[in-house]
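Accompanying notes for the structure given below.
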Amino acid sequence: MGRLIFLIFFAVFSIGGELDRCDSCHLQKAPPFNVIYRKYLVIYSSKRRIEENMVNFLTDPSKQKGVFPKEAKKIFFPKEHPLYDRKEAKEAVRELIEREDLLKKVRVTKPRE
Amino acid sequence: MFPSEKRSLTRFLIIYMFSTLFLISIGIAIFYRYDYHRLSDYQNEKLKTQTQNLIPKLRELHKSFDEVLYYPVQKGLNSAIYDIDKNYLVGDLKPSPYFKDKMDKNEEFWRDGDYIYYLTKVYPHYLGAAYLISRAKFDPSPINELREKLALFFLLSAIFVFFIAYLLGKLFLFPMKSALSMLDDFIKDTAHELNTPVSVILANTELLKEFYPNLQTSEELSRIEIASKRLSRIYDDLTFLKLNHKRHRNVKEIDLSSLAKERAAYFEIMAKARRIELKAKIKEGVFLRMDFEDAAKLMDNLISNALKYTKPQGEVEIILDEKFLIVKDNGIGIESRYKKFVLRRFFRANDSEGGFGLGLSIVKEIVDYYGFRLDIESEPDKGTKVEILWGD
């Protein structure tokens, strides 16, 4: 019985996903994902390129200088961003993109006056 | 108006009108192209501004944290956005497979069916948009209006050019016309002056034969008679052609058989004098609706032509049947290079024979008037066969 509860708990936890571990920071001190996503979107346009660049940022910061201005970062977030391995990062980023996708909110009809 | 004058005038008109209108058309075509571009550029520019106005709205959407974002839908305009990998994102313009090609080539404007399309790049990529494609209905009315205007202009200038050409033609042809009418008057007067003495000669030879019966067989007298008959026929021909159009034709059933016999007999003396055998195969009772004088002219001209161009010991044959008249000789024939001229007035292939070259042109006029068919078969040194067919 205890094992079963543990399994269910584990399953739910893993469905909740990789993003949960990011949320600890990103829901509080760090910039929220909807802001980050909009920043990436306006620069990289396609989901393929957003994913590629976010993953690079999380796995190998030398490849990717990030979307926030360096000076601002030094002042507000002096700590280095935690690193992740490629697999973890990819999953988290995919979830992030899925959740923040702006186009899902777009309607192609005129708003009712 | 003389036929030759008419011909020259129409040729002049055709060449003049054709060349002038050709130049005018080139001018019109250049103007059309230029104005067409101006008009479509105007519509392109309009579409471009409308489309550029969408971009700030995309920016607003991008910045907004509302639950629902409304894509900017505008009246008379459809648009859609594409990401940097040329994937369709969203919009009220359905994606078309060939749009990718346009994005590859970075084409700004194009036409497809009734629409004009505009493609622009978007940066920063609000909502992820890297390309924005829009379309609006192409309004053909200014271009149709332009076409109508140009067609009207062409028509008016054609009329104008025609009048100018006609006046010019008349002006240039005036000297020719007066020369021709002088010639015509001259012929008429001369012919008229000839007629009285010829009739006097003919009447007096008849009288001589009656008063002195031994002169009946005089060869000298019959030569005088033949010569004056020929003169009198030339007179007839000239007046026929000259007054042709004013003459009243009395068309009724006439007895061609007896007319043919009479004409054959009339030419018998001439044929004998030239030692030509004149044969006549004439079917009895052939009737035809025709003016009597026309019929006589027709036969006279055919027979006298045949006699004129046949050498002594030759043979001339007249055949009349229900549906045709044939006059055939074994004379000098017509060389093929002259064939197309023989029906023209004043044409003579051979100056050694007398005459004005009116014979066959008279035949042609009569045949055309009645809608008969005229066939001329001829071979040099073998002879000529002229066939006139009526009935179908």
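Given the criteria open to solvent by 40 Å² or more (accessible area, probe 1.4 Å), at pLDDT 95 or above and over 28 Å from A:ASP101 (Cβ atoms), does B:LYS121 qualify?
no
Do we find that B:SER40 is part of a helix (DSSP H, G or I), open to solvent by less than 30 Å² (accessible area, probe 1.4 Å), out of contact with any strand residue (DSSP E or B) (no Cβ under 7 Å at 6 or more places or on another chain) and not aromatic (Phe, Trp, Tyr) in this structure?
Yes; evaluated as a whole, the condition is true for this residue.
Would you mind telling me which numbered condition in (1) under 33 Å from the mean Cα position of the chain (by Cα); (2) assigned to a strand (DSSP E or B) B:LYS279 fails?
The single condition B:LYS279 does not satisfy is (1).
Would you point out the residue of the range A:87-113, among those that are assigned to a loop (DSSP other than H, G, I, E, B) and among the acidic types (Asp, Glu), that is farthest from the other protein chains (Cβ to nearest Cβ)? Before the answer, list the steps.
Going through the range A:87-113, the residues assigned to a loop (DSSP other than H, G, I, E, B) turn out to be A:101, A:108-113.
Cutting the leftovers down to among the acidic types (Asp, Glu) gives us A:101, A:113.
On the way: A:ASP101: 9, A:GLU113: 12 Å.
Going through the qualifying residues, I end up with A:GLU113.
Against the definition (open to solvent by less than 60 Å² (accessible area, probe 1.4 Å) and of a type in the set (S, T, N, Q)), how does B:THR10 come out, yes or no?
Considered against the rule, which asks whether it is open to solvent by less than 60 Å² (accessible area, probe 1.4 Å) and of a type in the set (S, T, N, Q), B:THR10 comes out as no.
Criterion first (among the hydroxyl-bearing types (Ser, Thr, Tyr), within 23 Å of B:ASN305 (Cα to Cα) and touching a residue at least 12 places away in the same chain (Cβ under 8 Å)) does B:SER258 satisfy it?
Criteria not met by B:SER258.
Among (1) surrounded by 13 or more Cβ atoms within 10 Å (Cβ to Cβ); (2) in a loop (DSSP other than H, G, I, E, B); (3) in contact with a Phe, Trp or Tyr (Cβ under 8 Å, 6 or more places away or on another chain), which single condition is A:TYR84 missing?
The one condition A:TYR84 does not meet is (3).
For the range B:83-100: of the residues being part of a loop (DSSP other than H, G, I, E, B), more than 7 Å from chain A (Cβ to nearest Cβ) and more than 11 Å from B:ARG135 (Cβ to Cβ), which is farthest from the chain's Cα centre (by Cα)?
This residue is B:LYS86.
Taking only pairs six or more apart or across chains, which ones have beta-carbon atoms under 6 Å, a first residue in the range B:199-223 that is within 13 Å of B:ILE269 (Cβ to Cβ) and in contact (Cβ under 8 Å) with a residue 40 or more places away in the chain, and a second residue that is of a type outside the set (Gly, Ala, Ser) and part of a helix (DSSP H, G or I)?
Between residues of the range B:199-223 that are within 13 Å of B:ILE269 (Cβ to Cβ) and in contact (Cβ under 8 Å) with a residue 40 or more places away in the chain and residues that are of a type outside the set (Gly, Ala, Ser) and part of a helix (DSSP H, G or I), the close pairs are B:SER222/B:ILE269.
Residues of the range B:113-128 being more than 14 Å from every other protein chain (Cβ to nearest Cβ) and without any contact (Cβ under 8 Å) to a residue 12 or more places away in the chain, which ones?
So the first thing to find is which residues in the range B:113-128 are more than 14 Å from every other protein chain (Cβ to nearest Cβ), and the list is B:113-120.
Answer for the range B:113-128, where residues must be more than 14 Å from every other protein chain (Cβ to nearest Cβ) and without any contact (Cβ under 8 Å) to a residue 12 or more places away in the chain: just B:GLY113.
Which of the residues spanning the range B:43-82 are basic (Lys, Arg), within 13 Å of chain A (Cβ to nearest Cβ) and within 58 Å of the chain's Cα centre (by Cα)?
Correct list: B:LYS75 only.
Being more than 9 Å from chain B (Cβ to nearest Cβ) and open to solvent by 20 Å² or more (accessible area, probe 1.4 Å) is the filter here, so list the residues in the range A:37-64 that pass it.
The answer is A:LYS39, A:GLU51, A:GLU52, A:ASN53, A:ASN56, A:PHE57, A:LEU58, A:THR59, A:ASP60, A:PRO61, A:SER62, A:LYS63.
Would you check if B:ARG147 is more than 10 Å from chain A (Cβ to nearest Cβ) and not in a helix (DSSP H, G or I)? Quick ask: steps written out before the conclusion?
Details: more than 10 Å from chain A (Cβ to nearest Cβ): yes; not in a helix (DSSP H, G or I): no.
Judged against the criteria, B:ARG147 is not a match.
I need a count of the residues in the range B:124-164 that are over 30 Å from B:SER64 (Cα atoms), among the polar types (S, T, N, Q) and open to solvent by less than 60 Å² (accessible area, probe 1.4 Å).
Quick first cut of the range B:124-164, residues over 30 Å from B:SER64 (Cα atoms) only: B:137-164.
Subsequent filtering for residues that are among the polar types (S, T, N, Q) retains B:141, B:144, B:157.
Next cut, open to solvent by less than 60 Å² (accessible area, probe 1.4 Å) only: B:141, B:157.
Count: 2.
The values are calculated or read from the model by the stated rules, or taken from the named source; none is laboratory data. Predicted model only: the values in this text are computed from it and were never measured. Methodologically, a virtual Cβ is constructed for each residue, glycine included, from the backbone with ideal geometry; neighbour enumeration extends over all protein chains shown. Just so you know, the surface numbers come from the protein's heavy atoms only, side chains and all, with ligands and any DNA or RNA stripped out. Shrake-Rupley method; radii C 1.70, N 1.55, O 1.52, S 1.80 Å.
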